[in-house]
Structures are given as structure tokens and as C-alpha cells.
Amino acid sequence: MEHIDTLKALGLFDARVPRYTSYPTAAVFSPATNGAFQKAALESLDPTDPVSVYIHIPFCERLCWFCACHTQGTQTLGPVESYIGTLEAELDLLRRTLPEGLRMGRLHWGGGTPTILPPPLIHRLAKAIRSVFPPAAEFEFSVEIDPTMVDRAKIDALADEGLSRASIGIQDFDPKVQQAIGRLQSFEVTRACVDDLRDAGITSLNTDLVYGLPHQSLARIEDTIDKVLTFAPDRVALFGYAHVPWVSKRQKLIDEDALPDDLARYRLATRAAERFVDAGLTAIGIDHFARPGDDLALALDAGRLRRNFQGYTADTCQTLIGLGASSISRFPDGYVQNAPATAAYIQRIEAGEFPGARGYHMTAEDQLRARAIERLMCTFTLDLDDLGAEFGPPAQSLAPALAAMAARFAPFASLEGGRLRIAPEGRPLTRMIASVLDQHVPEGVRYSRAS
Ligand SMILES: C[S@@+](CC[C@H](N)C(=O)[O-])C[C@H]1O[C@@H](n2cnc3c(N)ncnc32)[C@H](O)[C@@H]1O
Ligand code: SF4
């Protein structure tokens, strides 16, 4: 039975481990690292080093039951417009704090649903951002788009503001699956959105899919993949459904009896991955695929693929500045998350305070382990000599951890001359293997499944 029995014996189906979009993970952030750390980190940025900027829009018109993102429902634009005013005030706070001459290399709008913004608010927000963060010579702008919550006028407004990559949410096209996750979205509406994006000159397209959803079968996911491939996406993100109803209360609406079991879930992930690779896409890390020639595939080849809060990225900026409720900033020596609840975030900004509510100040040891985990998640290998080139002799202190990984995860992990390698059949274990390096496993936190 393929390698499943060995993967199972190694605990794949029982493990609950982080996704390692950061190390340490947000679960260990503490209120001790807050707005004061954020202010000092912003003040001391090197103005010659461009930054990435992330803007969180925590609103949706529909609230899909499966969704674990930080968002809230609204049927009117009042709260959205007022939130844009708060973002402008946060930008103003940054203007007074950042060093002169800092440039923006990347801009990403996520959510929630950024395309809930009508064209005038799109222009207003884009202008406010540019006035604080002038774009660098090389600049990319990406936005998460809900195809049911966008029209040609919004796409044209985003294109006018320099949108270079659209990321559209699909999840699954099957009506029964869509019904079970409380998210209806026809192929025709999605196709029209893709056509509008191309017509408006947006050349790069990412599609989000999810495996492990209720009632999903191999036939259903293959049908979704056939439809997605007609869009000729440059990138595909294939996320494993994280069922965390204790965090995301709306997931209580999901019928747990209809969720695929461990084996079915594993088969959905492997079949979907095979289909994308057969279609000519390159597998990127644990859950992305990219057209050869796309920057993500080029970054993988060139050894500059990175992992951040949005998943895999070719972004090499050292600093990511997150604005808006719940967004996380990554500074050279740590993380800060803005107040997660929208009301609390607004309150802080209105009081003229920095909105950082919790975070983590990294030690040198954390920096080394963060890079090691990132390498594993990006390349399925970890080379102590490579780490040594960046961190010097302390890199060798990880040698016992590498030996422990190879011993515990044989035959899928092997160690040769200071280089740990995860075999292709062992890749579903990557998050578990990376967790051996994790020195900050918080008590009482329940992560989603490893598989
Ligand atoms: C913030 S959502 C934005 C998508 C956009 N609002 C839409 O609906 O099209 C980004 C992506 O996160 C993924 N996602 C959300 N909840 C998830 C969950 N519980 N498990 C796995 N992926 C999830 C989905 O693929 C979704 O498209
Ligand atoms: S999937 Fe998108 S539209 Fe649905 S609740 Fe999540 S963020 Fe909102």
C-alpha cells in the first residue's frame, strides 16, 4: 500500500503541527512585545532596503463556513469606508516614524475580501499607501480577489493602480462541496472574472484551491482541476483544509461526518499534485505549483524561494510591514501583530497609539532555527554548510537535531555529510520534521493536522 503505512506509523495522521509560515509561530506571541517594539523597529529600518507592505481588509459580504481567515461580515459599505479612514491614520503614524527615503518593493492586499472596496475606495487606499511608501524601481502589487465580489470597474481600478498579480479564491467547483462549505461560486462567474482580469492586462494569475473539504472525492477534485487548468493559471495554491472550529466558530456549520478520512484526504492531495505536475506546473514546497518561468519557479531554481505569512514567495525583502486589524509585521529581529479584533485596532489608532498588541523578539538562536525551518519547508533539504555561510559556527549546533530527524523519520529523511534530505514520498511529513527544530511549542495550543 504505497508508503502510506509507513507514513501512518510515523504519526502523519495523528500529528498536529504548525504550518510554519513564521518561526516562532503566532501562537507564542506575547503582549510584552507590542507597540513600543513596533515603533522602535520601524524607526530603525534601513531606508536603502525596500520593504514589503501587507494591508488587511477584514470584511466580506458572505461568510463561507470553511474559512479560517480573520474577517467579519458586512452588508453595507459604512464600516468599510470608515476602516479605510483608520488605515489612512495608521499610514500617517508610519509616515511620522519611518526613515526618510524608504521604498516599497511589494504590496499585497489580503483579507477578508479586498474587492469589497468600490473603485473610489480602491483609489483612495492606493494613493494613501503610495504617499507613505513610494514604489521601488522593481515593484509588484497583488490582491486577493473573490470572483463573486468583483466587477470590471473594480478590476480596472486595481489595474490603474498597478495590479500585477491577481489571486482568486476558488476552493472547489463541485456544487455539493460548495453547498457543504457555505460558498456558492459558479464556473461561469469565475471564468468571467478571469477574462476581465486578462482583458485589463493583469498578466499573472494565482488560484486558491482546498483539499479535504466535505464530500470531496477524487472525481470531484479532478473535475475542479480540469476547470482550473482552462484558466492557465501561473500559480496554484492547494491548501489542506484546516478544520479548527475551536478557533473559527463558523466552521461548526460544517458537517464533520462528510469530511474525507485520513486516507481519502491523503489521496486527494497526492492526486491533485500529480495532476498539476502532469499539466506542466512545477511543485513548489508543500502546497504550491507554478508555471515554469513564473517567478516562484525561478526562485526555487535559484535558491531564493522564501516562506512568509502568505505561503511561498519570491519576495526577498527583509521586512514586511503589516497594516490593518490582525496583520503581522516581520522585522529583522522579530514579529508584531496588530490588535486582532477590528474594534480594538480602531481604538488604538484613534488614540494615536501604535496598534501592535503582541509579538516576539527573536534571539540569534531563533533566527538560525527560523532559517533552517524555512529551508526545509522550501527545498526539503537542510544543509549545515549553507546555514554556516549565513550564521557562522553556531549553525553546527543544529547537528544533533538533524541526526534526530534522520533517526526518527527514516527512511523518508536521510542525513549525509551535514545535509538532511526529505525523500519525495516523505514530503507530507515536512511540517512534522521541521517541528523537531521548534523550541517554542506552546502549551494548550491546538494546531491543525499535519497531513
Ligand atoms: C483570505 S482568503 C481570501 C479569499 C477571498 N476572500 C475569496 O473568498 O475568494 C484566502 C484563502 O485562504 C484559504 N483558506 C481559508 N480558510 C481555510 C481553511 N480553513 N483551510 C485551508 N485554507 C483556507 C482559501 O483557499 C482562501 O482562498
Ligand atoms: S473565503 Fe473569502 S469570502 Fe469566504 S469568508 Fe473567507 S475571506 Fe470571506
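Among the residues of the range 223-231, is there at least one that is surrounded by fewer than 14 Cβ atoms within 10 Å (Cβ to Cβ), away from ligand 2 (no atom under 16 Å from the Cβ) and at pLDDT 95 or above? Checked the range 223-231: at least one residue is surrounded by fewer than 14 Cβ atoms within 10 Å (Cβ to Cβ), away from ligand 2 (no atom under 16 Å from the Cβ) and at pLDDT 95 or above. You will find that of 170, 155, 181, 145, the residue that is away from ligand 2 (no atom under 16 Å from the Cβ), surrounded by 18 or more Cβ atoms within 10 Å (Cβ to Cβ) and in contact (Cβ under 8 Å) with a residue 12 or more places away in the chain is 155 and no other.
Within the set 372, 389, 413, 404, the sole residue that is touching a helix residue (DSSP H, G or I) at 6+ places or on another chain (Cβ under 7 Å) and either more than 21 Å from residue 305 (Cβ to Cβ) or open to solvent by 70 Å² or more (accessible area, probe 1.4 Å) (or both) turns out to be 404. Close contacts from the range 77-94, counting a first residue that is closer than 13 Å to residue 355 by Cβ and a second that is charged (D, E, K, R) and part of a helix (DSSP H, G or I), with Cβ to Cβ under 8 Å and a gap of 6+ residues or different chains, come to 86/350; 89/350. Only one of the listed residues (95, 106, 130) is closer than 22 Å to residue 44 by Cα, modelled with pLDDT of 95 or more, within 25 Å of the chain's Cα centre (by Cα) and open to solvent by 60 Å² or more (accessible area, probe 1.4 Å). That residue is 130. Within the range 158-167, which residues are more than 25 Å from residue 226 (Cα to Cα) and open to solvent by less than 20 Å² (accessible area, probe 1.4 Å)? The answer is 158, 163. If I filter the range 58-79 for residues that are in contact with a Phe, Trp or Tyr (Cβ under 6 Å, 6 or more places away or on another chain), open to solvent by less than 20 Å² (accessible area, probe 1.4 Å), not charged (D, E, K, R) and not in a loop (DSSP other than H, G, I, E, B), do I get at least one hit? No, the range 58-79 has no match at all. Here 397, 451 are screened, and the one residue that is of a type in the set (S, T, N, Q) and not in a loop (DSSP other than H, G, I, E, B) is 397.
Of the strands (runs of 3 or more DSSP E) lying entirely inside the range 234-306, those containing at least 1 residues that are in contact with an Asp or Glu (Cβ under 6 Å, 6 or more places away or on another chain), touching a residue at least 40 places away in the same chain (Cβ under 8 Å) and under 30 Å from residue 371 (Cα atoms) are 235-240.
The values are calculated or read from the model by the stated rules, or taken from the named source; none is laboratory data. None of the values given here were measured: they were computed from a predicted structure. Neighbour counts are summed over all protein chains in view; Cβ atoms, including those assigned to glycine, are modelled from backbone coordinates with ideal geometry. Areas reflect the complete protein model, heavy atoms only, side chains present, ligands, DNA and RNA absent. Shrake-Rupley method; radii C 1.70, N 1.55, O 1.52, S 1.80 Å.
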